[in-house]
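> I have a structure here, written as structure tokens, and I will follow up with some questions on it.
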Amino acid sequence: GKYRQQQEQEQETPQTEETDNTVTSVPAVSAAGAKAVKFSREKLNDFDYLIQNFYRVDSTTTTNGSQLNAAQMLAKDMRIDKSRKGIQILIYHTHSQERFVDSKDASQSVVGLGDVLAKLLEDTYGYTVLHHKGVYDLPDRDSAYSVSAPALERLYQENPEIQVSIDLHRDAVGEGTRLVQNINGKDTASIMFFNGLSHTTSQGDIGYLYNPNLADNLAFSFQMQLAAAEYYPGFSRCVYLKGYRYNLHYLPKSLLVETGAQTNT
């Protein structure tokens, strides 16, 4: 109905685009496994400090210190249980048609990127990965989240052992913006974790978009964001918070990740 249509048409792309088009050098990691910087856990418990350093809150939503509590988010054990058999990680693409500035075909789109990520997670880290390549944004992307939901539900029913889901996207920014950081001497497309809060400023908490896993979703992205900030400063942009749900409610460890943008190669 009307409310679901509103959810479907609410895209995750931030309303305020970034304008920095520079390639930025950041501190290199001093040694394998060493942190380049260290964030004070005491400071992280200051809500204002946390928001300023780790989040961008869209104008359509609001949050507070009870929802974003660093100590509580860091206390959650978000590790994958490698002893559990079967598929551990699901990679999929709500917007499978997203491509980069020089993409020639689907193999160089976010779907091709998913292939690379799946191989990395399997070959380097030893996880069992399912890369789902269903198309849900044709003929248009306005309903992609609701169109993809039944397929996701089937995947989770057929593979109840899945522990992590990654909805892999690329962002849309101004044509003059280049989301590139120099990480350890290598130009690297920066990434952004994205969470929906099922809450808008105009409506408050949205009951029909209830997310029982929201606290875990937020903890998962924050732990990832903090690790990125300490080991590879500049690699991950601030976690973006917006008002809807984006199919992140199916699993506690659900991520929506924007990898570069249409201006990246």
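> All but one of (1) touching a residue at least 60 places away in the same chain (Cβ under 8 Å); (2) closer than 30 Å to S202 by Cα; (3) over 17 Å from the mean Cα position of the chain (by Cα) hold for D137; state the number of the condition that does not hold.
(1)
> Another question about this same structure. Regarding Q15, is this residue over 19 Å from C238 (Cβ atoms), of a type in the set (S, T, N, Q), open to solvent by 40 Å² or more (accessible area, probe 1.4 Å) and at pLDDT below 95?
For Q15, the condition - over 19 Å from C238 (Cβ atoms), of a type in the set (S, T, N, Q), open to solvent by 40 Å² or more (accessible area, probe 1.4 Å) and at pLDDT below 95 - is not met.
> Another question, if that's okay. Keeping to the range 81-111, report how many residues are at pLDDT 95 or above and under 24 Å from E158 (Cα atoms).
The number of residues fulfilling the criteria is 13.
Yes or no, residue by residue, for (1) under 29 Å from R84 (Cα atoms); (2) at pLDDT 95 or above:
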{"position": "L120", "(1), (2)": "yes, yes"}
{"position": "T128", "(1), (2)": "yes, yes"}
{"position": "H131", "(1), (2)": "yes, yes"}
{"position": "Y136", "(1), (2)": "no, yes"}
{"position": "D142", "(1), (2)": "no, no"}
{"position": "N184", "(1), (2)": "no, no"}
{"position": "S198", "(1), (2)": "no, yes"}
{"position": "N217", "(1), (2)": "yes, yes"}
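> Now, a different point. Would you be able to tell me the number of residues in the range 83-111 that are assigned to a helix (DSSP H, G or I) and open to solvent by 10 Å² or more (accessible area, probe 1.4 Å)?
Residues meeting the conditions: 4.
> Need pairs with beta-carbon distance below 8 Å; first residue closer than 16 Å to A118 by Cβ and within the range 84-108, second among the basic types (K, R) and open to solvent by 10 Å² or more (accessible area, probe 1.4 Å); sequence gap 6+ or separate chains.
Final answer for the pair search is Q88/K82; Y92/K133; H93/K133; S96/K133; Q108/R99.
> If you scan the range 56-73, which residues turn out to be open to solvent by 40 Å² or more (accessible area, probe 1.4 Å), touching a helix residue (DSSP H, G or I) at 6+ places or on another chain (Cβ under 9 Å) and of a type in the set (V, I, T)?
Of everything in the range 56-73, just one residue is open to solvent by 40 Å² or more (accessible area, probe 1.4 Å), touching a helix residue (DSSP H, G or I) at 6+ places or on another chain (Cβ under 9 Å) and of a type in the set (V, I, T), namely V57.
> Here's something else I'd like to know. Right, L168: closer than 20 Å to I80 by Cβ, surrounded by 23 or more Cβ atoms within 10 Å (Cβ to Cβ) and in contact with a Phe, Trp or Tyr (Cβ under 8 Å, 6 or more places away or on another chain) or not?
yes
> Now, a different point. Just need a number here: residues in the range 116-142 that are buried (at least 17 other Cβ atoms within 10 Å of the Cβ) and over 24 Å from M78 (Cα atoms).
Looking only at that region, the number is 3.
> Among what's in the range 217-265 and is over 18 Å from I162 (Cα atoms) and of a type in the set (D, E, K, R), pick the residue that is surrounded by the most Cβ atoms within 10 Å (Cβ to Cβ).
Among them, the one singled out is E258.
> While we're on this one: Test K119 against the criterion of being among the basic types (K, R), closer than 28 Å to A219 by Cβ, out of contact with any His (no Cβ under 7 Å at 6 or more places or on another chain) and assigned to a helix (DSSP H, G or I), and give yes or no.
yes
> Take the range 106-125 and flag every residue that is in contact with a helix residue (DSSP H, G or I) (Cβ under 9 Å, 6 or more places away or on another chain) and of a type in the set (F, W, Y).
Once the filter is applied, which keeps residues that are in contact with a helix residue (DSSP H, G or I) (Cβ under 9 Å, 6 or more places away or on another chain) and of a type in the set (F, W, Y), the range 106-125 yields nothing.
The values are calculated or read from the model by the stated rules, or taken from the named source; none is laboratory data. Just so it is clear, the structure is predicted and the values come from calculations on it, not from any experiment. Glycine also receives a Cβ, built like all others from the backbone with ideal geometry; neighbour counts cover every protein chain displayed. These accessible areas exclude ligands, DNA and RNA; they are computed on the full protein's heavy atoms, side chains included. Shrake-Rupley method; radii C 1.70, N 1.55, O 1.52, S 1.80 Å.
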